[in-house]
Every structure is written in C-alpha cells, then in structure tokens.
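Colleague: Please find one structure pasted underneath; my questions will follow.
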Amino acid sequence: QVQVVEPGGGLVQPGGSLRLSCAASGSVVSTVLMAWHRQGPGKQRELVAATTNDGSTNYADSVKGRFTISRDNAKNTVYLQMNSLKPEDTAVYYCNLRVRRSPLLPWTEYWGQGTQVTVSS
C-alpha cells in the first residue's frame with residue numbers, strides 16, 4: 001500500500017511565499033509523475049504544475065515565473081515553492097502522484113488529502 005502525506009499550507013500575505021510538500025511512503029518503486037492541482041472557491045480543480053521522472057516540468061500560465069515544482073526521488077517527495085503569492089492563488093492544493101509499486105505493474109494514481117492555502121492581508 002502507498003500512503004501520501006501532504007502537510008503545509010496556511011495563511012500568507014499577498015506578495016509572500018510558501019512551500020508545500022508531499023511525500024509518498026510504503027510500496028513505492030518509482031514515481032512516474034508528481035503534480036500539484038488546486039481548487040479555488042467556486043472553481044474547478046486545475047493543474048498547477050507537474051514534473052516527470054525525467055525532470056521535465058509543466059506549469060499553468062497563471063503561475064509561471066512565480067511557482068517552482070521540484071522533487072526528491074530518494075525521498076519520494078515533491079515540493080511546490082510559491083512566491084509572489086496573490087489572493088487569486090487562494091485554494092485547496094492537492095498533490096497527485098503516479099506511483100509504480102512494482103517494475104511489473106503499471107502506475108497507480110494517488111491524491112493527497114489537500115491543504116488550504118489562503119492569501120490575504
């Protein structure tokens with residue numbers, strides 16, 4: 001089994017910074033994809049950033065230049081560094097992992113429990 005732990009989040013003032021983390025533990029051989037999604041009040045869930053195991057990254061246009069996704073493969077952990085935060089970044093942030101539990105099995109998708117990020121003065 002795989003456990004996904006997603007601490008972090010909180011209240012930050014506009015222009016401030018925050019770092020989220022998400023770690024997978026248990027039967028993890030590799031993580032094919034690690035991503036962050038968010039769902040703001042009254043909005044649909046959207047992809048914020050993603051990184052694959054070859055190191056490539058992808059960002060939503062709204063966060064390019066402000067957010068950075070990174071990963072520590074040895075710890076099966078993904079981070080989201082958020083700088084120059086804006087009120088419109090307020091949302092519940094979810095990590096999304098595609099985990100391979102065995103070299104012989106296809107990947108399985110897991111979601112974190114979500115963490116609230118509020119940007120307000």
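The values are calculated or read from the model by the stated rules, or taken from the named source; none is laboratory data. Being a predicted model, the structure only gives us computed values, none of them experimental. All Cβ positions, glycine included, derive from the backbone under ideal geometry; neighbour counts span all protein chains shown. All accessible areas refer to the heavy atoms of the entire protein, side chains included, with ligands and DNA or RNA removed. Shrake-Rupley method; radii C 1.70, N 1.55, O 1.52, S 1.80 Å.
Colleague: Inspect all residues belonging to region 38-61 and state whether any of them is closer than 15 Å to residue 8 by Cα and in a strand (DSSP E or B).
Modeller: Residues of region 38-61 that are closer than 15 Å to residue 8 by Cα, as a first pass: 38.
Right, trim to in a strand (DSSP E or B) and you get 38.
Taking every residue of region 38-61 in turn, at least one turns out to be closer than 15 Å to residue 8 by Cα and in a strand (DSSP E or B).
Colleague: If you don't mind, there's one more thing I want to ask. I need the full set of residues from region 100-121 which are farther than 30 Å from residue 12 by Cβ and touching a strand residue (DSSP E or B) at 6+ places or on another chain (Cβ under 7 Å), in order please. Steps first, answer last, please.
Modeller: From region 100-121, those farther than 30 Å from residue 12 by Cβ are 100-108; that's our starting set.
Listed by number, the residues that qualify are 100, 101, 107, 108.
Colleague: Same structure, new question: Looking only at region 1-37, which residues are part of a strand (DSSP E or B) and of a type in the set (Gly, Ala, Ser)? Lay out the reasoning, then the answer.
Modeller: Just the residues of region 1-37 that are part of a strand (DSSP E or B), to begin with: 2-5, 10-12, 18-26, 30-37.
Answer for region 1-37, where residues must be part of a strand (DSSP E or B) and of a type in the set (Gly, Ala, Ser): 10, 21, 23, 24, 25, 26, 30, 35.
Colleague: Test residue 43 against the criterion of being basic (Lys, Arg) and touching a residue at least 40 places away in the same chain (Cβ under 8 Å), and give yes or no. Break it down into steps so the answer makes sense when it comes.
Modeller: Numbers: basic (Lys, Arg): yes; touching a residue at least 40 places away in the same chain (Cβ under 8 Å): yes.
Here the answer is yes, as residue 43 does meet what is asked.
Colleague: Quick check on my filter: what residues within region 95-121 are under 18 Å from residue 71 (Cα atoms), open to solvent by 90 Å² or more (accessible area, probe 1.4 Å) and free of Cβ contacts under 8 Å to residues at least 24 places away in the same chain?
Modeller: None - no residue of region 95-121 is under 18 Å from residue 71 (Cα atoms), open to solvent by 90 Å² or more (accessible area, probe 1.4 Å) and free of Cβ contacts under 8 Å to residues at least 24 places away in the same chain, so the list stays empty.
Colleague: Would you mind finding the one in 56, 30 that is without any contact (Cβ under 8 Å) to a residue 12 or more places away in the chain and at negative phi?
Modeller: Values: 30 fails: without any contact (Cβ under 8 Å) to a residue 12 or more places away in the chain.
Step by step, each of 56, 30 is checked, and only 56 is without any contact (Cβ under 8 Å) to a residue 12 or more places away in the chain and at negative phi.
Colleague: Same structure, new question: Name the single residue, out of those in region 5-27 being aliphatic (A, V, I, L, M) and open to solvent by 30 Å² or more (accessible area, probe 1.4 Å), that is nearest to residue 121 (Cα to Cα). Reasoning before the result, please.
Modeller: Of the residues in region 5-27, the ones aliphatic (A, V, I, L, M) are 5, 11-12, 18, 20, 23-24.
Subset that is open to solvent by 30 Å² or more (accessible area, probe 1.4 Å): 5, 11, 18, 23.
Numbers: 5: 28, 11: 9, 18: 15, 23: 30 Å.
Only one residue tops the list, namely 11.
Colleague: For residues that are assigned to a strand (DSSP E or B) and over 10 Å from the mean Cα position of the chain (by Cα), tally how many sit in region 75-114.
Modeller: In the first step, residues of region 75-114 are kept if they are assigned to a strand (DSSP E or B); the result is 77-82, 91-100, 108-111.
If we keep only those that are over 10 Å from the mean Cα position of the chain (by Cα) as well, we get 82, 91-92, 98-100, 108-110.
Looking only at that region, the number is 9.
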